[in-house]
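The block underneath contains the structure these notes are about, expressed in structure tokens.
Every number here is computed from the coordinates shown, using simple stated rules; none is lab data. Just so we're clear, the structure is a prediction, and the values are computed from it rather than from any experiment. Reconstructed Cβ throughout: ideal geometry from the backbone, glycine too, with neighbour counts over all protein chains shown.
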Amino acid sequence: MPVIAEPPPAPPAMPAFDPARLPCRASVLMLADSSQHLLLQHAGRPLQLAVSGADLVGPVLLRTDAIWPAGQARQRL
């Protein structure tokens, strides 16, 4: 899943992304071609995020363009 890392605005509207605060295993891969991947795993379920934009080593906000089915969107609001 593609995501974009952006530097947080000053003052930040929300806390910056911190893999250490996640309730799951998180690994950041920084490849030789400068691409970044965030690997998340919880209860045997993996999720790989292909990250573009700012470097994940510093404080960043993560965003993605996602469209949820209408039935699920109502449950999440």
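So here's what we get for this one:
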read-out: Peptides 8-19, 45-56 ordered by average Cβ neighbours within 10 Å, highest first; value: 45-56, 8-19
read-out: Long-range amide H partners of Phe17 with built H, under 5 Å; value: Val60, Leu61, Leu62
read-out: For the chain, built as a Gaussian network whose Cα springs stay under 10 Å, the top-fluctuating residue of Leu40, Leu62, Leu31; value: Leu31
read-out: Under the Karplus curve 6.51 cos²θ - 1.76 cosθ + 1.60, θ = phi - 60°, whole-Hz ³J(HN,Hα) for the stretch 46-63, x wherever Gly or Pro sits; value: x, 9, 10, 10, 8, 9, 10, x, 5, 6, 5, 5, x, x, 9, 10, 9, 9
read-out: Most mobile listed residue (Ala20, Ala43, Ala66) in the chain, GNM with C-alpha springs under 10 Å; value: Ala43
read-out: HN-Hα J in Hz across the stretch 21-37 - Karplus 6.51, -1.76, 1.60, θ = phi - 60°, x for Gly and Pro; value: 8, 6, x, 9, 6, 10, 10, 9, 10, 10, 8, 4, 7, 6, 7, 10, 9
